[in-house]
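The values are calculated or read from the model by the stated rules, or taken from the named source; none is laboratory data. These numbers come from a predicted model, not from an experiment. Backbone-built Cβ (ideal geometry, glycine too); neighbour counts: all protein chains shown. Only protein heavy atoms, including side chains, enter the accessible area calculation; ligands, DNA and RNA are left aside. Shrake-Rupley method; radii C 1.70, N 1.55, O 1.52, S 1.80 Å.
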Amino acid sequence: MNPATLIPAADPLTLPWGWFQFLLMLTFPLHLLAMNALVGTSLAALAAHLLPGPPYRRLSHELAKALPFLVAFTVNLGVAPLLFLNVLYGNLFYTSTILMGLFWLAVIPLVIIAYYLLYLYDFRFRQLGNGAMFVLLAVLALLLTVGFIFSNNMTMMIAPAGWGRWFTTPGGALLNLADPTLLPRYLHMMTGALAVGGLCVALYARIALKGDPETADAGVRLGMGLFSWLSLLQVVVGLWFLTTLSPAVLRLFMGGSGSATALLGVGLFMALAALMAGFRHQVGLAAGLTLPLLYVMAFMRDTVRTGALAPYFSLDKVPVTSQVQWSPLVLFLVTLVLGLAVIAWMLGKVATCPKEVRP
Amino acid sequence: MNYPVWFVPTFGGGLLIALVAIVHVFVSHFAVGGGLYLVLTERKALREKSAAIMAFVRKHTRFFMLLTMVFGGLTGVAIWFVISLINPAATSLLIHTFVFGWATEWVFFLVEIVALFIYFYTFGRMDDRNHQLIGWIYFGAAWLSLFLINGIIDFMLTPGDWISTHDFWSGFFNPTFWPALFFRSFMSFMLAGCYGFLTATFIEDAALRHRMIRYSGIWALASLILSLPAGWWYLSVLPAPAARLVHGASPTIARASTTGAFSLALLSGLLIALILLSPKARTRVLTALVMITAMGYLGAFEWTREAARRPFVINGVMYSNGLPVSEVSRIDQEGFLQNARWVQNKEVTPANRLEAGRELFLHQCFACHTIGGFNNDIIARTRNMSFTALRGYLATIHDKRYFMPPFAGTDAELQALAAYIAGGLNHKPLTEAAGAGGDHGKELFEANCAACHGADILKPILAGWTQEKIRTGLDRLPSLNPAMPDYTGPPVDKDALAGYLVSLNHPRPQTAAQPAPAAPAAAKGAGLFADNCTACHGLDQIKPALQGWPRAKIRTALDKLSALNPAMPDYGGTAAEKDAVADYLAQQTGGAQ
């Protein structure tokens with residue numbers, strides 16, 4: 001069966017696709033950042049329980065308080081890019097979602113359980129003692145599973161060649177396991193997440209825990225250690241990922257497309273620079289390099305998607321509605337600006353608010 | 001049609017949507033009303049300088065955060081996951097139309113999260129004025145989320161002018177926008193009062209506990225009373241067909257509405273009792289009951305709204321099975337299978353008929369019917385229907401039963417679907433002569449042969465053939481033409497078929513007379529009954545109801561069925577047909593005279 005005949009027709013876009021692409025690429029790395037911080041902080045908190053000494057105890061307690069926030073922001077910041085992905089690639093994304101429906105739905109309970117476990121870890125920190133390690137192990141297992149489910153969907157939606165399997169397995173129990181890019185892509189994402197999460201821990205320790213230098217120091221040491229070694233691993237996995245790409249997509253990065261090749265070059269360069277900064281425990285520099293690197297990675301990822309879909313689907317071919325309406329976009333942008341202003345005001349109030357509860 | 005179907009035979013997606021939506025609705029409305037409850041209760045504590053009430057607010061905030069942020073936030077995402085899984089075409093349409101409405105809601109969601117975290121974690125640290133302001137920001141953002149999502153949800157029921165203008169704002173501020181917004185706002189305040197009860201029962205100090213229970217009770221009761229006119233307003237602006245459904249044309253909806261009204265009444269009673277008897281009536285059982293009834297009220301409303309949209313996901317625009325309304329007439333011409341992407345049988349042939357029928361079922365009916373599941377099981381629903389009856393039923397399914405979409409496709413496709421349901425699922429012969437005085441052989445021919453060659457093509461070929469020759473031919477069709485599959489019907493059917501075929505060239509049929517019915521009119525009535533009534537009730541089911549009815553009474557009733565039960569469509573048969581049905585029913589129920 002010709003997979004192209006299976007691809008659902010895309011609904012017309014209400015604005016030229018560049019707008020949605022811009023918003024997708026703007027918000028997706030923010031979700032990645034929050035997700036990385038969540039996964040990496042969970043790992044760091046676990047490691048802090050294994051390391052000896054009171055500073056590490058205090059560090060894990062501080063991390064415990066931060067973790068529930070990270071779930072909330074990971075979910076929230078995931079909503080925006082998922083929305084724009086729905087607009088741009090809904091026809092492909094819904095299809096792969098249906099093919100793996102059971103697993104996709106499992107994401108929700110898995111995240112809810114992880115979320116409550118992290119609240120348990122926070123609110124019951126003292127009672128749990130070192131038993132907390134089991135809680136964190138469970139959280140990591142849950143989150144890494146969720147990541148695996150996402151990797152499956154994101155790779156399956158760009159691989160219509162495997163979609164015909166639905167005819168024999170229509171119950172939503174398919175995964176994309178036969179795809180050679182799945183495993184390296186997933187591992188690349190997750191080693192990256194754990195590494196960047198380590199960096200977040202170091203950053204958090206340096207900025208928020210400076211009142212307690214011992215703990216801050218423990219946080220920086222642990223965080224940067226995780227960041228450096230896992231980033232090194234991530235570079236290796238990334239190269240493996242590159243080799244599994246289909247020849248057509250690989251060619252894009254090897255000179256076939258100027259922008260793709262430049263992205264790869266810049267990405268590698270920045271990754272190596274961040275790595276050096278990491279091994280030298282230069283937290284600020286490493287963070288300054290990593291945030292833009294996340295954007296570079298997101299664009300490379302987008303290149304893989306466009307390249308893999310090239311034989312079947314291109315955003316240029318999706319129709320745009322005849323009367324383009326700008327006012328809803330304006331509504332959104334104005335609300336976004338106001339919303340961010342209100343958030344900034346609220347955070348300002350927190351910053352000036354006393355640390356101790358009034359008698 | 002455009003998308004594959006998530007197919008777990010015994011499990012309908014509709015049920016999953018309903019479950020997730022109902023859970024989310026309770027928590028998300030609470031997340032809105034609860035915001036107001038928190039700030040006002042905080043103010044009360046400050047005014048009365050009561051540290052105990054403040055401690056209560058704080059404890060309630062923690063419960064509120066754990067419930068709304070984790071569970072509420074993720075079930076909201078879950079709804080999105082579930083609808084894109086079960087109604088991808090509609091989700092795509094909604095997202096494309098309202099993407100910036102959703103994006104704006106996302107901003108409020110972000111503000112909500114930040115505000116709630118700050119509100120909870122700065123209790124007792126931040127100065128009172130700013131702390132309350134943060135609470136108000138939380139409530140404002142939460143209510144604005146409701147404002148936005150309300151527009152999109154109501155669009156599905158009443159798209160209004162959007163259908164012609166495709167204008168974002170006319171779709172958003174659609175005819176049910178304002179009444180639904182009022183209703184939902186009051187509902188959210190009511191739920192906040194209910195959850196307030198729940199935490200208040202945990203207060204140690206008896207006097208304070210009673211005060212807070214009474215306080216929450218007044219909240220809930222006042223909001224409940226205010227919600228009544230809003231709900232009434234909402235019902236009064238529903239479009240006519242939806243309104244008719246709500247008022248009893250569909251049994252499930254009628255049931256839901258009654259449940260809603262019933263739990264509503266019960267709820268008010270309980271609340272009042274609680275408030276008046278407060279010192280003793282503080283038991284958790286009672287508050288749990290209040291919760292259940294409150295949720296019943298809101299649940300019935302949501303259920304009704306969902307059901308009132310049937311057979312559409314987006315009223316007048318797209319049917320629940322993803323079929324765009326504007327496409328139906330084209331598909332009737334060109335064929336459904338030709339136009340569907342996720343089917344393997346692009347055309348109905350005698351060999352693939354059941355398979356093609358299965359694919360048609362999957363794409364057109366599975367949205368609302370499980371196969372052997374407990375939710376609207378198609379096998380149970382069609383147990384009484386013969387192949388012939390099903391064919392008749394499918395041809396007018398939407399006209400007779402408004403809450404189902406029309407069957408979209410060619411006649412051969414309709415036959416295939418009927419064959420799949422009758423033969424494939426119910427294991428009935430696809431040849432049964434249940435038709436009204438129908439020629440059995442002719443029906444067999446239509447069911448088994450006409451897909452490839454009609455009678456007019458066969459007539460010249462069979463000229464000069466005797467009935468015996470035709471009958472023998474039917475035993476070995478592939479030897480006549482290798483493209484022809486064997487006909488596997490029982491010998492009696494073959495006899496009947498041969499009789500019909502010979503009659504094509506010999507107007508006086510030589511067919512073996514069918515067993516002479518005892519009373520011809522009653523036999524005709526039996527056929528009519530099978531075709532028109534058994535979809536909903538077999539003879540056994542109505543026998544008790546008709547016990548002792550004289551024939552004349554039955555006959556009169558047949559003229560005004562919808563007056564007997566609003567769920568029953570009027571019978572459009574001729575007077576003679578009604579006579580026949582009346583004869584048959586009277587004879588069967590012992591009232592013949």
Considering A:V201, A:V220, which residue is touching a Leu at 6+ places or on another chain (Cβ under 7 Å) and in a helix (DSSP H, G or I)? A:V201
Only one of these conditions is not met by B:Q588: (1) more than 26 Å from B:I378 (Cα to Cα); (2) in a loop (DSSP other than H, G, I, E, B). Which number is it? (2)
Determine which single condition A:T74 fails, assuming it passes every other condition in (1) hydroxyl-bearing (S, T, Y); (2) without any contact (Cβ under 8 Å) to a residue 60 or more places away in the chain; (3) more than 14 Å from every other protein chain (Cβ to nearest Cβ). (3)
Applying the selection to region A:315-331, what residues are open to solvent by less than 60 Å² (accessible area, probe 1.4 Å), in contact (Cβ under 8 Å) with a residue 12 or more places away in the chain and not in a loop (DSSP other than H, G, I, E, B)? A:L315, A:P328, A:L329
If you scan region A:211-223, which residues turn out to be open to solvent by 20 Å² or more (accessible area, probe 1.4 Å) and within 12 Å of A:E62 (Cα to Cα)? A:D212
Can B:Q333 be described as open to solvent by 50 Å² or more (accessible area, probe 1.4 Å) and either of a type in the set (S, T, N, Q) or part of a loop (DSSP other than H, G, I, E, B) (or both)? yes
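Residues are listed down the side, and each one gets a yes or a no for (1) facing chain B (nearest Cβ under 10 Å); (2) in a helix (DSSP H, G or I); (3) without any contact (Cβ under 8 Å) to a residue 24 or more places away in the chain; (4) not hydroxyl-bearing (S, T, Y):
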| site | (1), (2), (3), (4) |
| --- | --- |
| A:M270 | no, yes, no, yes |
| A:A273 | no, yes, yes, yes |
| A:L333 | yes, yes, yes, yes |
| A:C353 | yes, no, yes, yes |
Identify all residues within region A:25-34 that are more than 8 Å from the chain's Cα centre (by Cα) and away from chain B (no Cβ under 11 Å); write none if there are none. A:M25, A:L26
Only listed residue being open to solvent by 10 Å² or more (accessible area, probe 1.4 Å), within 13 Å of chain A (Cβ to nearest Cβ) and either on the phi < 0 side of the Ramachandran plot or among the polar types (S, T, N, Q) (or both), chosen from B:V77, B:V82: B:V77
Can you name the residue in region B:11-23 that is under 30 Å from A:T5 (Cβ atoms) and within 11 Å of chain A (Cβ to nearest Cβ) and, of all such residues, is surrounded by the fewest Cβ atoms within 10 Å (Cβ to Cβ)? B:F11
How many of the residues making up region B:563-575 are touching a helix residue (DSSP H, G or I) at 6+ places or on another chain (Cβ under 9 Å) and assigned to a helix (DSSP H, G or I)? 2
Within the group A:L88, A:L99, A:L128, A:L92, which residue is open to solvent by 10 Å² or more (accessible area, probe 1.4 Å) and of a type outside the set (K, R)? A:L128
Go through the residues of region A:185-193 one by one and say whether even a single one is free of Cβ contacts under 8 Å to residues at least 40 places away in the same chain and open to solvent by 40 Å² or more (accessible area, probe 1.4 Å). no
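Counting only residues that are within 14 Å of chain A (Cβ to nearest Cβ) and within 26 Å of A:N2 (Cα to Cα), how many does region B:335-392 have?
Adding up the residues that qualify gives 19.
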Would you mind finding the one in A:L46, A:L15, A:L59 that is outside any helix (DSSP H, G or I), of a type outside the set (G, A, S) and over 15 Å from the mean Cα position of the chain (by Cα)? A:L15
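Here is a check on your reading of the model: is A:I112 within 14 Å of chain B (Cβ to nearest Cβ), at negative phi and aliphatic (A, V, I, L, M)? Outline the logic, then answer.
On the way: within 14 Å of chain B (Cβ to nearest Cβ): yes; at negative phi: yes; aliphatic (A, V, I, L, M): yes.
Yes; evaluated as a whole, the condition is true for this residue.
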For region A:137-154, enumerate the residues that are touching a residue at least 60 places away in the same chain (Cβ under 8 Å), closer than 23 Å to B:G72 by Cα and open to solvent by less than 20 Å² (accessible area, probe 1.4 Å). A:V139, A:L140, A:G147
May I ask you to say which residue of A:A260, A:A277, A:A298 is open to solvent by less than 30 Å² (accessible area, probe 1.4 Å) and farther than 29 Å from A:F93 by Cα? A:A277
Among the candidates B:P507, B:P566, residue that is more than 26 Å from B:I421 (Cβ to Cβ), touching a Lys or Arg at 6+ places or on another chain (Cβ under 9 Å) and modelled with pLDDT under 85: B:P566
Open to solvent by 20 Å² or more (accessible area, probe 1.4 Å), β-branched (V, I, T), within 18 Å of A:T306 (Cβ to Cβ) and free of Cβ contacts under 8 Å to residues at least 60 places away in the same chain, is that true of A:T243? no
Inspect all residues belonging to region A:146-163 and state whether any of them is touching a helix residue (DSSP H, G or I) at 6+ places or on another chain (Cβ under 8 Å), among the small types (G, A, S) and over 30 Å from B:N2 (Cβ atoms). no
Can you tell me how many residues in region B:99-151 are in contact (Cβ under 8 Å) with a residue 60 or more places away in the chain, facing chain A (nearest Cβ under 8 Å) and either under 22 Å from B:G171 (Cα atoms) or open to solvent by 30 Å² or more (accessible area, probe 1.4 Å) (or both)? 2
Applying the selection to region B:152-197, what residues are surrounded by fewer than 21 Cβ atoms within 10 Å (Cβ to Cβ) and over 19 Å from B:F312 (Cβ atoms)? B:D167, B:W169, B:F173, B:W178, B:P179, B:L181, B:F182
Filter region B:87-98 for residues that are under 16 Å from B:G316 (Cα atoms) and small (G, A, S); the one that is farthest from the other protein chains (Cβ to nearest Cβ) is B:A90
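Might you let me know whether region A:177-195 holds any residue that is within 14 Å of chain B (Cβ to nearest Cβ) and of a type outside the set (S, T, N, Q)? So that I can check it myself, show each step before the final result.
To start, the set of residues in region A:177-195 that are within 14 Å of chain B (Cβ to nearest Cβ) comprises none.
Within region A:177-195 (the criterion being within 14 Å of chain B (Cβ to nearest Cβ) and of a type outside the set (S, T, N, Q)), the answer is no, since none of the residues qualifies.
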Note: among A:A161, A:A173, A:A106, A:A114, just one is surrounded by fewer than 20 Cβ atoms within 10 Å (Cβ to Cβ), of a type in the set (G, A, S) and free of Cβ contacts under 8 Å to residues at least 60 places away in the same chain, namely A:A106
Condition first: outside any helix (DSSP H, G or I) and over 29 Å from the mean Cα position of the chain (by Cα). Now tell me which residues in region B:170-225 satisfy that. B:T201, B:F202, B:I203, B:E204, B:D205
